[in-house]
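Coordinate-derived values only; no laboratory data. All values reported here derive from a predicted model rather than from experimental measurement. Note: ideal-geometry Cβ built from the backbone for every residue, glycine included; neighbour counts use all protein chains shown.
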Amino acid sequence: MASDIAASAMNTVILSTVLSAGNHALFAGTRILYSLAISSQAPKIFARTSKGGVPWLALLATSSGCALLFATSAVGKGELWFWLQNLVGVSNQVGSFDKLICGRSLRLLDCVALDRIG
């Protein structure tokens, strides 16, 4: 009985975490595609918005991409899904490393500008 309750609680936590991550990815991807279209770095069609300001074509494209990529988990033995996960993991590490380098560089430039380096 207690193990059933604990299992249900864990399933609830995992499901809400997955839904939250998916919602964030969809929101961020839509806004990035919309911003790229505004700055002419993506097709202008993705800059169209509804009367309420929702970039619906960017949302449709991002949703379609997410669904297609999620469907790859059913292809073969999941090898494509494995490679996509690795690609995301490596890109996150590269992004974090870039932030570290930029942060250190800016701190160094700040020190130079204030004549704090001996």
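Values for this structure:
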quantity	calculated
Criterion: more than 17 Å from the chain's Cα centre (by Cα) and without any contact (Cβ under 8 Å) to a residue 12 or more places away in the chain - qualifying residue of Thr72, Thr12	Thr12
Test: residue in the stretch 70-89 that is of a type in the set (Phe, Trp, Tyr) and surrounded by 13 or more Cβ atoms within 10 Å (Cβ to Cβ)	yes
The one condition in (1) part of a helix (DSSP H, G or I); (2) free of Cβ contacts under 8 Å to residues at least 40 places away in the same chain; (3) under 21 Å from Val88 (Cβ atoms) that Gly22 fails to fulfil	(2)
The stretch 26-68, residues that are exposed (fewer than 13 other Cβ atoms within 10 Å of the Cβ) and within 24 Å of Leu87 (Cα to Cα)	Phe27, Ala28, Gln41, Leu60, Ser64, Ala67, Leu68
Number of the condition not met by Leu59 [criteria: (1) free of Cβ contacts under 8 Å to residues at least 12 places away in the same chain; (2) assigned to a helix (DSSP H, G or I)]	(1)
Meets criteria (in a helix (DSSP H, G or I), exposed (fewer than 10 other Cβ atoms within 10 Å of the Cβ) and among the polar types (S, T, N, Q)) for Ser3	yes
